[in-house]
Amino acid sequence: DAMVIQNPRYQVTQFGKPVTLSCSQTLNHNVMYWYQQKSSQAPKLLFHYYDKDFNNEADTPDNFQSRRPNTSFCFLDIRSPGLGDAAMYLCATRTGTGRADTQYFGPGTRLTVL
Amino acid sequence: GQQVMQIPQYQHVQEGEDFTTYCNSSTTLSNIQWYKQRPGGHPVFLIQLVKSGEVKKQKRLTFQFGEAKKNSSLHITATQTTDVGTYFCAGPPYSGGGADGLTFGKGTHLIIQP
């Protein structure tokens, strides 16, 4: 059974047109993360939620926003996508009860910006 | 900020040869995790090492965590074509809380020639 679900798997948007990516989890984990992975690069953390507490990485552009309306869902909003935002966006979850618990990744959404 | 270095970036091996990738963190890690990502796929969790000097094996894969909890290695014995992919190490900072995201190494791309 899928534990971390991302929709859509492929998303095409136009330059400057807002886009929302979604993530849901059936694990009831406290923490949800969004990573950006560009071609042939490592995943890069954008931000995360611990319950409803939002934590932004210092170098995450303002163009990226996130919402977590409840435990199960988390959204990534890109307000004005640029060509450089084309990437795989990975959602991950973690229990958050200790440093040693692992992260579970979803299959990712591949974003294309035309 | 925390940096995780990983070498080599690319490794070509003949099928049946051994393969090793090395990971080094600029800061002490609370644990280190290894992921495998197939082309077009998402990172899949392989293992987590928590204790100083820990060694774990998964069939042909051997994982080590350094005594100082700043470096790690993954060794694959007698590579097979199914081992193709990118291997990432990743870790949260030791001083962080339970919700910290992972800092990934740049990954080692394993290419196997039959």
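Name the trypsin sites (Lys or Arg not before Pro) in the stretch A:1-64 that are in a loop by DSSP and that have at most 16 other C-beta atoms within 10 Å, would you? Please list the in-between numbers first.
Values: sites: A:ARG9, A:LYS38, A:LYS44, A:LYS52; in loops: A:ARG9, A:LYS38, A:LYS52.
In loop regions of the stretch A:1-64 (DSSP not H, G, I, E or B), the sparsely surrounded trypsin sites (Lys or Arg not before Pro) are A:ARG9, A:LYS38, A:LYS52.
Note on A:SER80 and A:THR112: their simple-model spin labels are 2.5 nm apart, each label 7 Å out from Cα toward Cβ. A simple charge model with +1 on the Cβ of Lys and Arg, -1 on the Cβ of Asp and Glu and nothing else charged puts the dipole of the protein assembly as shown at about 180 debye relative to its Cα centre.
Loop-only check: which trypsin sites (Lys or Arg not before Pro) in the stretch B:1-91 are DSSP coil with at most 15 other Cβ within 10 angstrom? If you can, show how the numbers build up before the last one.
Details: sites: B:LYS36, B:LYS51, B:LYS56, B:LYS57, B:LYS59, B:ARG60, B:LYS69, B:LYS70; in loops: B:LYS51, B:LYS59, B:ARG60, B:LYS69, B:LYS70.
Taking the stretch B:1-91 and a limit of 15 other Cβ atoms within 10 Å, the loop trypsin sites (Lys or Arg not before Pro) found are B:LYS51, B:LYS59, B:ARG60.
A simple charge model with +1 on the Cβ of Lys and Arg, -1 on the Cβ of Asp and Glu and nothing else charged puts the dipole of chain A at about 200 debye relative to its Cα centre.
Using only side-chain charges placed at the Cβ, +1 for Lys and Arg and -1 for Asp and Glu, the dipole size of chain B relative to its Cα centre rounds to 200 debye. Compute the signed sum of charges (Lys and Arg +1, Asp and Glu -1) over the other residues within less than 13 Å, Cβ to Cβ, of B:HIS75. It works out to a net charge of +1.
Placing A:MET3, A:MET88 in order of accessible area, with the largest value first and a 1.4 Å probe, yields A:MET3, A:MET88.
Note on A:VAL12/B:GLN80: beta-carbon distance plugged into 1/(1 + (r/R0)^6) with R0 of 41 Å gives a FRET efficiency of 0.70. For B:TYR22, the solvent-accessible surface computed with a 1.4 Å probe is close to 120 Å², ligands and nucleic acids excluded. For the peptides B:23-31, A:73-81, the ranking by packing is B:23-31, A:73-81, with the highest mean count of neighbouring Cβ atoms within 10 Å listed first.
Evaluate the relative contact order of the stretch A:4-113 (contact order divided by residue number), counting alpha-carbon pairs under 8 angstrom at least 6 apart; express in whole percent. Walk me through the numbers on the way to the answer.
Values: 262 pairs, mean separation 42.0, N = 110.
It rounds to 38 percent for the stretch A:4-113.
The values are calculated or read from the model by the stated rules, or taken from the named source; none is laboratory data. What you see is a predicted model; the values in this text were computed from it and never measured. All Cβ positions, even for glycine, are placed from backbone atoms using ideal geometry, and neighbour counts span all protein chains on display. All accessible areas refer to the heavy atoms of the entire protein, side chains included, with ligands and DNA or RNA removed. Shrake-Rupley method; radii C 1.70, N 1.55, O 1.52, S 1.80 Å.
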